[in-house]
Amino acid sequence: QHLLAEDSARGSNIRVIWYELDPSDDAVAAFTRLNVGKIPLTEAELVRALFLRRARQDDGADRTAYRISYEWDQIEKRLRIDAVWYFLQDKPEGTANRISLIFRLAALRAGRLNTQDHAVFAYFSDRLGETDAEGAWREAREIFMALEEWYDDRELFHIVGFILQQAQGDLDVIAELLDQSSRLSKQAFSGFLRRRVFNDIFGKVAENLRADELGQEIDAQCRTVDYSSPGKVRSLLLLFNLATLIENQKSNIRFQFDSFKTDRWDIEHIRAVSDDRPERGNEQKAWLRQCRDYLRAFPVGPEQALAVRIEAYLDPDSHPEGAALDFETIDTEILTHFDGSRQATDHTLANLTLLDRGTNRGYGNAVFAMKREILLDQDRSGVFVPLCTRNVFLKSYSRIVGNVLFWSKDDAAAYLDAIVATLIEFFGQLEGPIQ
């Protein structure tokens, strides 16, 4: 009725098909039957119609309906901001109204969310039969306000964002966090969240460990995990980024969950994996051309000499000395030039970082110096690069910054120490039960 009144005021020509139901009829079943084969309304649109109808019944005017419509639109606009939406969810909502997330959570918390068609509509149809529009709307609005509080609070944003990313936006997890936040103080809720993260990542119950044992467990697992456990490595690297941001109270930088979730992210080796070199001829030449182009940027010195050697191999017709070279020889010279020696393969956390798949695939098994150049160029152009990934290629964790063209064992050790120290600081004193 509210929407019809708006259209009528604009002079629209409206025709209404009116169906009278007996008091004993099931309104939800009748609605579903009558709309089979029609253009479907979204769940949120159906719920909105329920609210506006009940609001007009409550006050006999449009005051409550107008206010609910206004607040509804404000919530929808807020959730349409990708930074907000991807903090909460992993996937876009498509053409549906994003506010439907709020109503699904309301139905879930009431034990009414199921696989039946229009389950959310059925819940609110019953709920608005029990209470006025103001009361039912207040419940939905309070859910949104709790989510918005998490988003606006920088600490909660990063910790809750991590938990929801791990849970892939599972509504059950959001509902659980809503229940906990409603009964705990902010400080206690923060402690609950950190305990949950620790238990999920390290497979240990934080309450069963003393403070020194927490630190020992973090240290031991970070030093033993490797590339063969990609899920755990990815979680540790993501948490390292978030904990680093939280640690700096003066910073206003926030992790870009929207970029992190809409791009595909890899666990990338910082130093090239020496035993996983290009095998096909075209891949080998592409890799060598990449190296040559990078080395040519140096005006003089051994880099120029190596660039000439690569060019000779790539074009032996113009450089006869290239006929005596093979890929293994040239590849070894490149790795030796940048890494000092062909170090053993390192799949540990000390040699791993997060990188978006497009950039990762773009340089494949490039050496550290080339990866560094590409990453810094991406960062300068405004492409999202996680803070700790950027710090790795700036050698911010290294105790002594030596040759910036390669990643040494000392660099790797200092980086791993920084991860361990940051995570120990993040979890702090978590022994004992939640207060």
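The values are calculated or read from the model by the stated rules, or taken from the named source; none is laboratory data. For clarity, every value in this text was computed on a predicted model and none was experimentally measured. Every residue, glycine as well, gets a Cβ built from its backbone with ideal geometry; the counts of neighbours run over all protein chains shown. We work out accessible area using only protein heavy atoms, side chains counted, and drop any ligands, DNA or RNA first. Shrake-Rupley method; radii C 1.70, N 1.55, O 1.52, S 1.80 Å.
Confirm whether residue 29 is open to solvent by less than 60 Å² (accessible area, probe 1.4 Å) and at pLDDT 75 or above.
For residue 29, the condition - open to solvent by less than 60 Å² (accessible area, probe 1.4 Å) and at pLDDT 75 or above - is not met.
Select, from 139, 217, the only residue that is more than 16 Å from residue 426 (Cβ to Cβ), open to solvent by 20 Å² or more (accessible area, probe 1.4 Å) and assigned to a helix (DSSP H, G or I).
139
Six or more apart or on different chains, Cβ under 7 Å: which pairs go from a residue in region 87-111 that's farther than 19 Å from residue 141 by Cα to one that's open to solvent by 50 Å² or more (accessible area, probe 1.4 Å) and in a loop (DSSP other than H, G, I, E, B)? Could you list them?
90/168
Here's the yes/no breakdown for (1) in contact with a Gly (Cβ under 7 Å, 6 or more places away or on another chain); (2) closer than 22 Å to residue 99 by Cβ; (3) among the acidic types (Asp, Glu):
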residue	(1), (2), (3)
147	no, yes, no
155	no, no, yes
163	no, no, no
168	no, yes, no
177	no, yes, no
191	no, no, no
200	no, no, yes
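Quickly run through region 116-134 and pick out the residues that are more than 16 Å from residue 44 (Cα to Cα) and without any contact (Cβ under 8 Å) to a residue 40 or more places away in the chain.
129, 130, 131
Check every one of the helices (runs of 4 or more DSSP H) wholly within region 346-406 and list those with 1 or more residues that are surrounded by 15 or more Cβ atoms within 10 Å (Cβ to Cβ) and either among the small types (Gly, Ala, Ser) or at pLDDT below 80 (or both).
In region 346-406, 357-363, 368-380 are the helices (runs of 4 or more DSSP H) which contain 1 or more residues that are surrounded by 15 or more Cβ atoms within 10 Å (Cβ to Cβ) and either among the small types (Gly, Ala, Ser) or at pLDDT below 80 (or both).
Can you tell me which residues in region 104-137 are within 24 Å of residue 74 (Cβ to Cβ) and among the basic types (Lys, Arg)?
104, 109, 127
Can you confirm whether residue 317 is modelled with pLDDT under 85 and either part of a strand (DSSP E or B) or among the acidic types (Asp, Glu) (or both)?
Here the answer is no, as residue 317 does not meet what is asked.
Among (1) farther than 16 Å from residue 257 by Cβ; (2) at pLDDT 95 or above; (3) loosely packed, with under 15 Cβ neighbours inside 10 Å; (4) in contact with a helix residue (DSSP H, G or I) (Cβ under 7 Å, 6 or more places away or on another chain), where does residue 83 come up short?
That leaves (1) as the condition not met.
Could you grab me the full set of residues in region 284-300 that are open to solvent by 40 Å² or more (accessible area, probe 1.4 Å) and either in contact (Cβ under 8 Å) with a residue 40 or more places away in the chain or part of a loop (DSSP other than H, G, I, E, B) (or both)?
Once the filter is applied, which keeps residues that are open to solvent by 40 Å² or more (accessible area, probe 1.4 Å) and either in contact (Cβ under 8 Å) with a residue 40 or more places away in the chain or part of a loop (DSSP other than H, G, I, E, B) (or both), region 284-300 yields 290, 296, 297, 298, 299, 300.
Taking region 316-328 only, how many residues are loosely packed, with under 12 Cβ neighbours inside 10 Å and under 21 Å from residue 370 (Cβ atoms)?
Result for region 316-328: 1.
Please determine, by comparing only the residues of region 187-208 that are open to solvent by 30 Å² or more (accessible area, probe 1.4 Å) and touching a residue at least 24 places away in the same chain (Cβ under 8 Å), which one is nearest to residue 424 (Cα to Cα).
Out of the qualifying residues, it is 194.
How many of the residues in region 164-174 are of a type outside the set (Asp, Glu), open to solvent by 10 Å² or more (accessible area, probe 1.4 Å) and in contact with a Leu (Cβ under 8 Å, 6 or more places away or on another chain)?
3
Could you check region 245-266 and list, in sequence order, the residues that are open to solvent by less than 30 Å² (accessible area, probe 1.4 Å), modelled with pLDDT of 85 or more and outside any loop (DSSP other than H, G, I, E, B)?
245, 246, 257, 259, 260
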